[in-house]
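Working notes for the structure below.
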Amino acid sequence: MVFRNRIMAVAAVFAVAFWLTGFSPSNKARADTIAARNCKMDVIKQSVCIYEAILADVDKNYPMRGGGGIGRIVQNSTTSYSAYLLQEEREDVRIYEVKVLPNGKVTITSVTEETVTH
Amino acid sequence: MKSKLSFKRFDAELNTDVCDPYNNAELTLTLKMGFRQINPAGGAAEGTYHDYGDATKPARKIIKWTDASWKAWKTNFVQSAEPFWHGKFWLINDAGAFSFAKGGETYYPNVWCRFKLIGNDAGAAGNHHTIDVVRLNASEKWFGSHSTLYDSKDTNLAKKRTDSKGKPVMQRAHVHEVGHLLGLDHVDVGKAHCLPSGNTNAAACYGVADDDIKAVMGGGMQLRVENAYPWREALRNFAVVDLLTAVFNNPLSFLVSRPALQMPIVSLTSVWPAKMQRHYPRTAAEVQAGKMITVRPNRKV
């Protein structure tokens, strides 16, 4: 009984500590592992990962927050994709070079910008 | 004296009859725009139209123009774009042009830049530009417009981008487009990241620094002194015509006696610096001293 109480007390201390610090030792690793495993799983999952990486980059680094949004993202080659962003008078084109590592992790290796005038 | 010139982009009238010790010469640019309705196919009440008028681009829902909505849109276009560009600049007369005497004093008026926008239907004669216009369905927030294809919401204030602090930069698309029609380029054309030899519609040409982003020829609504360029260029053309007229009317007299021109030859190369505040006509002494008169002076008239 005493032993059981001690275990419960220790568990409670850990639980409170995690709650207070927000620290969860396995969450990030698990997320990475799942994402990597998903990207590695098959070509569809891999494409999804690539498109997600591109979308995240557009969201973070493209400052023209007006206009018509993302018109389309197309694959130019095995490792190259173009995101077309609709604006008045023009489309801004962000051209991505991507690399898929053996562990399934997707990396954007370069972004270049072009403009299509209308 | 009133002089008129017609350019490809607009008509210009220079009026010195209005000059007195308090009032400057007036240079009015008149832009005649012809608008043409784009309606759903087959006379339907509703339909679709593609961004940029390009069938490979996304389609947006459009509705048929009515006489009332068409008239209201054209009126709104003119009544909101014209005041934006009208009467905002004064070109400083350092060339000694348009001099006149009053009360024993010689005055040199500056040039007040006026703008007149006329919205016609496309079929009217004499339009400088013809623009197609779609009427967007209320559910549509955006349509891909360009210089000859507008949508009914282009007169609304809309978010174009954010500045470096994440604050929204707003613009009415039609005032930016009228700037282009007057001959203005995007704000950063000529800078290293937007060379005139490259694509001047590239995103960087709309401004990189916050001040440039907020300019009307960037993504915002702020006028700048360099936006007086169309008036300045029109004025130079009046100077050329004034000179040529004097030469051709009486070449011998021109060579021998050098008749007084309304705009001296130096007007051809004068900077005509622009100001965005009213500057009153100056006396010869004030011009000599480089004095600017921005508060109504007390003149002996």
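The values are calculated or read from the model by the stated rules, or taken from the named source; none is laboratory data. For clarity, every value in this text was computed on a predicted model and none was experimentally measured. Counting neighbours? That spans all protein chains shown, and the Cβs are built from the backbone with ideal geometry, glycine included.
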Please find, among B:Ala95, B:Ala68, B:Ala101, the residue that is more than 18 Å from the chain's Cα centre (by Cα) and part of a helix (DSSP H, G or I).
-> B:Ala68
Quick one: how many residues across region B:259-299 are closer than 18 Å to B:Ala228 by Cα, among the β-branched types (Val, Ile, Thr) and modelled with pLDDT of 95 or more?
-> 0
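I want to confirm something. Restricting to region B:196-213 and keeping residues that are assigned to a loop (DSSP other than H, G, I, E, B) and more than 13 Å from chain A (Cβ to nearest Cβ), which single residue is surrounded by the most Cβ atoms within 10 Å (Cβ to Cβ)?
We begin by selecting, within region B:196-213, every residue assigned to a loop (DSSP other than H, G, I, E, B); these are B:196-202, B:207-209.
Okay, now just the ones that are also more than 13 Å from chain A (Cβ to nearest Cβ), so B:196-197.
Values: B:Pro196: 10, B:Ser197: 5.
It comes out as B:Pro196.
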Does B:Ala101 count as under 23 Å from B:Tyr280 (Cβ atoms), away from chain A (no Cβ under 14 Å) and free of Cβ contacts under 8 Å to residues at least 24 places away in the same chain?
-> yes
Which one of these is of a type outside the set (A, V, I, L, M), surrounded by 13 or more Cβ atoms within 10 Å (Cβ to Cβ) and out of contact with any strand residue (DSSP E or B) (no Cβ under 8 Å at 6 or more places or on another chain): A:Lys60, A:Lys45?
-> A:Lys45
Only one residue in B:Glu13, B:Glu26, B:Glu82 is closer than 30 Å to B:Val295 by Cβ and in a helix (DSSP H, G or I), so which one is that?
-> B:Glu82
Name the residues in region B:180-195 that are in contact with a helix residue (DSSP H, G or I) (Cβ under 9 Å, 6 or more places away or on another chain), away from chain A (no Cβ under 14 Å) and surrounded by fewer than 17 Cβ atoms within 10 Å (Cβ to Cβ), would you?
-> B:Gly183, B:Lys191
Across region B:162-179, what is the number of residues that are surrounded by fewer than 19 Cβ atoms within 10 Å (Cβ to Cβ) and either touching a Pro at 6+ places or on another chain (Cβ under 7 Å) or at the interface with another protein chain (Cβ under 8 Å from one of its Cβ atoms) (or both)?
-> 2
Can you tell me which residues in region B:129-147 are within 10 Å of chain A (Cβ to nearest Cβ) and under 19 Å from the mean Cα position of the chain (by Cα)?
-> B:His146, B:Ser147
Give me the pairs, please: first residue somewhere in region B:119-143 and closer than 23 Å to B:Gly43 by Cα and touching a residue at least 12 places away in the same chain (Cβ under 8 Å), second residue anywhere and surrounded by fewer than 18 Cβ atoms within 10 Å (Cβ to Cβ) and of a type in the set (Gly, Ala, Ser), beta-carbon distance under 6 Å, and either six or more positions apart or on two chains.
-> B:Thr130/B:Ala122
Which residues, taken from region A:34-80, are within 12 Å of chain B (Cβ to nearest Cβ) and of a type in the set (Phe, Trp, Tyr)?
-> A:Tyr62
Given (1) more than 30 Å from A:Ile70 (Cβ to Cβ); (2) surrounded by 15 or more Cβ atoms within 10 Å (Cβ to Cβ), where does B:Gly104 come up short, assuming only one miss?
-> (2)
From the residues in region A:81-113 that are assigned to a strand (DSSP E or B) and exposed (fewer than 14 other Cβ atoms within 10 Å of the Cβ), which one is nearest to the other protein chains (Cβ to nearest Cβ)?
-> A:Glu113
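Of these, B:Lys159, B:Lys153, which one is crowded, with 17+ Cβ neighbours inside 10 Å and within 12 Å of chain A (Cβ to nearest Cβ)? Give the steps one after another, and end with the answer.
On the way: B:Lys159 fails: crowded, with 17+ Cβ neighbours inside 10 Å.
Among B:Lys159, B:Lys153, only B:Lys153 is crowded, with 17+ Cβ neighbours inside 10 Å and within 12 Å of chain A (Cβ to nearest Cβ).
Which of the residues belonging to region A:41-80 are in a strand (DSSP E or B) and farther than 23 Å from B:Pro168 by Cα? Lay out the reasoning, then the answer.
Residues of region A:41-80 that are in a strand (DSSP E or B), as a first pass: A:69-77, A:80.
A:Arg72, A:Ile73, A:Val74, A:Gln75, A:Asn76, A:Ser77, A:Ser80 - these are the residues of region A:41-80 that are in a strand (DSSP E or B) and farther than 23 Å from B:Pro168 by Cα.
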Name the single residue, out of those in region B:44-98 being surrounded by fewer than 16 Cβ atoms within 10 Å (Cβ to Cβ) and among the hydroxyl-bearing types (Ser, Thr, Tyr), that is nearest to the other protein chains (Cβ to nearest Cβ).
-> B:Thr56
